[in-house]
Amino acid sequence: MASARRLKRVAASQPGFINLKSASDSAGSASSRRKRVNKNKKKSWNKHSDINDIDDFLEDVRHQERTTGGLLSEKSDDSLFFLDIGQPKKAEQKEEEPVEGKKRKGKVSRPLRIDLILQHDSLVQPPKDVLAYQQPNAKKLRRIAQKAEQLAAKGVVPRRQKQLLNRRPVDRTVKKAVTEANNNPDREYYDIWGQESKNTADPWYLQQTGKKLVKRPEKLNEKPSVLPAVEVIAPGGSYNPDFFSHQALLQEAHDIEVKKQKEEDKIARQLAVNRADTATEETVFNEQVEGLVEEENEEEVALDEEEEDGAVGAIVLADKKTEKKRKREKAEKIKEQQRLADRRQTDQRQQLFQLRSIKASIKQQAQKTQAKQIKRKAKQEAQKAQPRRLGKLKFQPQDMEVQLSDELAGSLRRLKPEGSVLKDRFKSLQKRNLIEPRERAKFKRRLKLKYVEKRAFREIT
């Protein structure tokens, strides 16, 4: 019986099932089979509450919105009904004669079924994008606009608008120059290396738009050195020089070599061992005996300590100054200060009679200062021709290229080339303070070389 009742309930729940019993019988049977359920929890509400009527109502509302664009109860009668007056009569149309070259028009092409399915058939308006209508700081901007309207009503002009009004008036009649095409052969010649054209735009506009060029520092216009790019060699360096010019060049090279030799000798003297500091038998014996004989020294130290103790005791036992003595010292101090003040006043009076000598000393001091300034300026000018210290290394001048008297060639054919052009240019850049002095990087091998004696060599030996 239970299984038969279960089958009946399943069949009745299927769509399209026609119930032959009356509504009262079905209601009676449902009430007789209704279970008693505890509905004091939300889970029980969702499980055992019947909301089919609410779902049907909402589905009907959505259906009306999709098909008609709104509820039928809210629409007017004119939008729902129309007056049927029959099919309108069509005017008799004459048959057009077929023209050669033109195809006869057939039926009007209708869209495909698949396109109709993909078309949007709902009349519900798309939801409004709230974020698209929102504006950042809308409340603040609205308050600023209201305040601006109030000031405009009172006749107050804002500060920014005043600045715009006080700006230089722009000539509107001047037309903007039209840029010509690059392929136009008749266009004006423009020199890219020529002087830059002055910008005639408003400086305030250029500053606000960020188009104002940065002023070039004057320091960049100065050359780092006054030396020429290519220095001319002395007359004695020619392939067929004059005797005196060649001797002068040899003397200059000799002075440079003597100076280098003196510096090397100085370093050698500083590193040399002083014979007076070398150890002898006497000094070695004194070092060995030191610390063994201390009796005489201990007695002398004891006497010195007693004398120091007596001096300290004398200092401690000194008498306290009396009031009379303090007053006498204070009076002597005031008297000394008064004497110094009188002496300064006397010296100032005596300076009135020494105006001539004072003026002469001031003039002499000014001359000394001027001479120092001239000397300092000359030193600065001389330093411009000297290489500066740009890095951790000091500039080392290139060795002078000079030939001895027996090495001179009488003609250019027998002349032997000396030096390197590349090295000369590299040293010139360093001397003119364009690059810092450098030295060749030292290659340091990470792993030691391993020497292996080959078998063939071993067999020979």
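The values are calculated or read from the model by the stated rules, or taken from the named source; none is laboratory data. Just so it is clear, the model here is predicted, and its values are computed rather than measured. All Cβ positions, glycine included, derive from the backbone under ideal geometry; neighbour counts span all protein chains shown. Accessible surface areas use protein heavy atoms only, side chains included; no ligands, DNA or RNA. Shrake-Rupley method; radii C 1.70, N 1.55, O 1.52, S 1.80 Å.
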Within region 72-95, identify whether any single residue is surrounded by 10 or more Cβ atoms within 10 Å (Cβ to Cβ), assigned to a loop (DSSP other than H, G, I, E, B) and modelled with pLDDT of 55 or more, and answer yes or no. yes
Return the only residue of Arg388, Arg432 being of a type in the set (Lys, Arg) and touching a Ser or Thr at 6+ places or on another chain (Cβ under 6 Å). Arg432
Selected residue (only one of Leu393, Leu429 is touching a residue at least 40 places away in the same chain (Cβ under 8 Å) and closer than 29 Å to Ala229 by Cβ): Leu393
I'd like to verify a number: residues in region 384-411 that are over 17 Å from Gly236 (Cβ atoms) and either in contact with a strand residue (DSSP E or B) (Cβ under 7 Å, 6 or more places away or on another chain) or surrounded by fewer than 11 Cβ atoms within 10 Å (Cβ to Cβ) (or both), how many? 4
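Yes or no, residue by residue, for (1) part of a helix (DSSP H, G or I); (2) modelled with pLDDT under 65; (3) surrounded by 10 or more Cβ atoms within 10 Å (Cβ to Cβ):
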position	(1), (2), (3)
Ala12	yes, yes, yes
Asp25	yes, yes, yes
Gly28	yes, yes, yes
Asn38	no, no, no
Ser44	yes, no, yes
Lys47	yes, no, yes
Please verify whether Arg376 is at pLDDT 90 or above, more than 29 Å from Leu249 (Cβ to Cβ) and not small (Gly, Ala, Ser), treating the condition exactly as stated. yes
If you take the residues of region 205-229 that are charged (D, E, K, R) and part of a loop (DSSP other than H, G, I, E, B), which of them is nearest to Leu434 (Cα to Cα)? Lys223
Matching residues in region 230-252 - criterion: being more than 30 Å from Leu434 (Cβ to Cβ), assigned to a helix (DSSP H, G or I) and in contact (Cβ under 8 Å) with a residue 40 or more places away in the chain: His246, Leu250
Looking at region 422-461 only, could you name the residues that are part of a loop (DSSP other than H, G, I, E, B) and open to solvent by less than 100 Å² (accessible area, probe 1.4 Å)? Arg432, Asn433, Leu434, Ile435, Glu436, Pro437, Ala441, Glu453
Among Asn199, Asn221, Asn166, Asn183, the single one that is open to solvent by 70 Å² or more (accessible area, probe 1.4 Å), at pLDDT 85 or above and not β-branched (Val, Ile, Thr) is Asn221
Matching residues, region 384-418, being within 35 Å of the chain's Cα centre (by Cα) and not in a loop (DSSP other than H, G, I, E, B): Lys384
Residue that is in a loop (DSSP other than H, G, I, E, B) and of a type in the set (Asp, Glu), where the choices are Asp186, Asp255, Asp265: Asp186
